[in-house]
Structure formats: C-alpha cells, structure tokens
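What follows is calculated from the coordinates using simple rules that are stated; it is not laboratory data. None of these values were measured; they are calculated from a predicted model. Backbone-built Cβ (ideal geometry, glycine too); neighbour counts: all protein chains shown.
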Amino acid sequence: MLGNFSYSNPTRLYFGEDSLNYLNEELPKYGKNVLLVYGGGSIKKNGIYDKVMEILKANGKNIFEDAGVMPNPTVEKLYEGCRRAKEGKVDLILAVGGGSVCDYAKAVSVSTYCEEDPWEKYYLRLEDVDNEIIPVGCVLTMVGTGSEMNGGSVITNHESRLKIGHVFGDRVFPKFSILNPVFTFTLPKYQMVAGFFDIMSHILEQYFSGEDDNTSDYIMEGLLKSLIHSSRIAVENPTDYEARSNIMWIATWALNTLVAKGKATDWMVHMIGQSIGAYTDATHGMTLSAISMAYYRHICPYGLAKFKRYAVNVWDVEPLGRSDEEVAGEGLDRMETYMKEIGLVTDIKELGVTVDMLDGIADGSFVMDGGYKKLDHDEIVEILAASMR
Ligand code: NZQ
Ligand code: ZN
C-alpha cells in the first residue's frame, strides 16, 4: 500500500542539445550579480565555460567567479564560497558542473546569510533553513547524483572524517537546471561509469525496502532496465546520444524524490560509501560499487521475496523449478557480472581503504533502519571486510 505523502518538485528542467539557450529565458528573472561556480577546469577545456560566459555577458550580468570546487566539496571551500557570495551581494548562483558543484552551490545558497556555523547547523544538526536563501541554477556536466532536481547537498569535513548529506526542502532545490547530454561526452570513462553506478545505487536503495505492492517499484524496475541497456551502449560508444540522453534522464528520475514517495527507503550503501569517502576522498559512485555486492548478499536473506523479484524482473532470471534463494542469488551474480563488464570498482582496497580504517569507517556510517536489516557496527565491518578481495 502506498503511504500518505505530498509531492511537488519546483525545479524547471531544460533538456536536450539546445537547452543552454534557455539560460537566456531564466537569467532575466534574477538580479544583476551572478556567482558562477565551477570545478577544477573541465568546463574550460571543453568550451562550456565560454558558452556560459557569453550568455551571461549578453544578459548584462556582473559575473563573480568561484572556481576550484573539488569532487566531494569540503567545508573549508564552503566558507570561502560564502565570503565570495556575500562580497558580491549575489542574486543568483549558477553552478556549472557535476553533483559536487551543484551540491556546493546549494550549500553556499543556504549558508551565506546563516548566522551560525553552517557545518554545525545544517550538516551536524540537520536543521532547517531559517535565513535568506540565494537562488541556484544548474548547468549539468556530469550525470549521476540527481542534484540537478533535488535538495541534496553533501559536504565533507576531512578534519572530523565525516561526509554528510543534508536533504533540504523545496526552497533549496535548483530553480532551474539545464541538461544537455552532449556536455557529458567529455567525461573520462572512470567518472562516466561511476555516475552510472551512482544512479543504479539510488534506485536500488529505494527499491530494496518495504514489501508492499507499490507503483514506485515498477517505475524503478523500468528505470533499471533502461539504465542497464543504455549504459552498455555508452561504454562501447560514449558519444551515442541516444544512450547518454536516456541515462541523463534516468539519473534525474532516480533521485528527484518521486520514486521514494509513499514507500520506505534504505540508503545504507550511501551511508557506508560516504564514510569511505570521508577517509579516502574516493569517487562517490565507486565507493558505492565497491561495497554493494557484499551489502546486498548480506541483506538478501532478510528481503528474499524482493531480491527474487529483482532477479526475475530486472535481470531476466528464469524462476521455474528453482528455490527463491537460487533465483535471488543468480540475480545478484548477474548484477556483479554487469558491474565488472562496465568497469566499476568492486574492491575497496582500490579506493585506498586499508584494514586499520574499517572500524573508523563503520563508526562514521550513519545507521538507517528503512532497509531489510538494521546493521550493527560489526556487520558493517564484516561487509567492508568482504569488500576487500
Ligand atoms: O572539477 P572538474 O574539472 O569539472 O572535473 C570533474 C570532476 O573531477 C569531472 N567532470 C564533470 N563534468 C565533466 C568532467 N570532466 C570532463 N567533462 C565533463 N563534462 O568529473 C569529476 C567528478 O565530478 P563530481 O561533480 O564530483 O561528480 P558527481 O556528479 O558524481 O558528484 C559527486 C558529489 O555529489 C554527492 C557526492 O557525495 C559527491 O560529493 N552526491 C549528491 C547527491 C545529491 N545532491 O542528492 C546524492 C548523491 O548520492 C551524492 O551523494
Ligand atoms: Zn549517490
């Protein structure tokens, strides 16, 4: 049964090869001062920076730049961004990049006029925003996080070895996001496939919870099938527009809050993955892929019926004449084969994790209780150990 919920998503999306032109429709809605936020320079190499600058200038904007947003943005960078946004009295933050840049833009948006330490208020105490918010718009260049159409913002504090996401409400969602699949063509293969698994993990972590007959589960099975199909094509041919555009759209739907409505969700892989990220600064999607098989094999007996359904509906496993355990197990085996085929990391050692870190990573993993098994500390260590080959 679907639980009760309210639903709205305030982000306006512009999708397709010509979508950047719509920046011309959005910019006049905001004041003159724009903070252009971007990462380590990919947008300068692939020409997106020049295209965006041209449109900003044509619209008469005063442009303030905040470059160098790192993957897994840090709390120190956040403080710097807030100073810059305040100095420029900015009316709009335009994020041009991947999830890190979009997440960071949202963090600056809520933190610039926050009178307390934003790390403590938003990330440690997970409090709501009660101060002025600077509107955010996104031009997405990396696919995976769904940050373009949600209120999520993940910040890393290396000193306290914590990577924490705050899921902010509607007011913090990007006002608009521009999704041009061609902009993702220049992603290195490692980042591209990490993004693919981030999408898969978002879907699975909402799918593997609850036992109701729930429309969202059917939507997610469709998204997964489309993702598996298109990702195989994209790995062979990264400039296949059809595949890359499908994947970009799947990523948005995987985490724009719709499929979570009215059902329980898990998120334990993300909690452990984020803790690995706090220790190693590894690529987000790879922290998830490296632990997923051990995690799902661990919880499979507790959610057997759903794992069987996953095997049959997503991986086309033939169920006739076989036990539920066999069918579910084959589904997970097929998933692992696919992960290796597209080039995902399946060993946390490759991400820089060493045995002496396991206890700390387990301590830094927030324990969720929406999945099929609420994990204790020792089980997290066991899953981590099983993710070292
Ligand atoms: O910094 P630049 O030079 O731009 O290079 C980036 C970066 O090194 C590069 N890149 C991006 N677009 C490119 C490109 N390189 C060539 N061509 C392009 N078109 O890719 C690298 C990774 O970018 P990043 O933004 O870090 O990746 P991603 O989109 O995976 O974002 C990861 C962050 O998002 C958080 C993660 O925890 C992590 O901090 N997440 C946010 C979520 C949300 N808002 O809901 C949910 C996710 O689960 C996730 O936790
Ligand atoms: Zn993710």
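Does Gly88 qualify as being surrounded by fewer than 24 Cβ atoms within 10 Å (Cβ to Cβ) and in contact (Cβ under 8 Å) with a residue 40 or more places away in the chain?
Working: surrounded by fewer than 24 Cβ atoms within 10 Å (Cβ to Cβ): yes; in contact (Cβ under 8 Å) with a residue 40 or more places away in the chain: yes.
Answer is yes for this residue.
Name the one entry in Glu325, Glu341, Glu330 that is more than 24 Å from Tyr218 (Cα to Cα) and touching a residue at least 12 places away in the same chain (Cβ under 8 Å).
After ruling out the rest, the residue left standing is Glu341.
State the number of residues belonging to region 148-177 that are of a type in the set (D, E, K, R), buried (at least 21 other Cβ atoms within 10 Å of the Cβ) and under 19 Å from Ser8 (Cβ atoms).
Matching residues across region 148-177 total 1.
Of the conditions (1) on the phi > 0 side of the Ramachandran plot; (2) within 16 Å of ligand 1 (Cβ to nearest atom), Lys89 satisfies every one except a single condition; which number is it?
Of the numbered conditions (1) on the phi > 0 side of the Ramachandran plot; (2) within 16 Å of ligand 1 (Cβ to nearest atom), the odd one out for Lys89 is (2).
Starting from region 226-242, keep only residues that are touching a residue at least 40 places away in the same chain (Cβ under 8 Å), then list their pairs with residues that are hydroxyl-bearing (Ser, Thr, Tyr) whose Cβ atoms are within a distance under 7 Å, requiring at least 6 positions of separation or different chains.
Ile228/Tyr338
For region 52-105, what are the residues that are part of a helix (DSSP H, G or I) and within 16 Å of ligand 2 (Cβ to nearest atom)?
So in region 52-105, the residues part of a helix (DSSP H, G or I) come out as 52-58, 75-87, 99-105.
Residues satisfying the conditions are Gly99, Ser100, Val101, Cys102, Asp103, Tyr104.
Return the only residue of Leu204, Leu223 being within 16 Å of ligand 2 (Cβ to nearest atom), part of a helix (DSSP H, G or I) and within 24 Å of Pro71 (Cα to Cα).
Numbers: Leu223 fails: within 24 Å of Pro71 (Cα to Cα).
From the options Leu204, Leu223, the qualifying one is Leu204.
What is the residue count in region 237-276 for residues that are among the hydroxyl-bearing types (Ser, Thr, Tyr), surrounded by 23 or more Cβ atoms within 10 Å (Cβ to Cβ) and under 14 Å from Tyr207 (Cβ atoms)?
Adding up the residues that qualify gives 0.
Any residue that is more than 7 Å from ligand 1 (Cβ to nearest atom), more than 18 Å from the chain's Cα centre (by Cα), surrounded by fewer than 20 Cβ atoms within 10 Å (Cβ to Cβ) and free of Cβ contacts under 8 Å to residues at least 12 places away in the same chain - is there at least one of those in region 126-147?
yes
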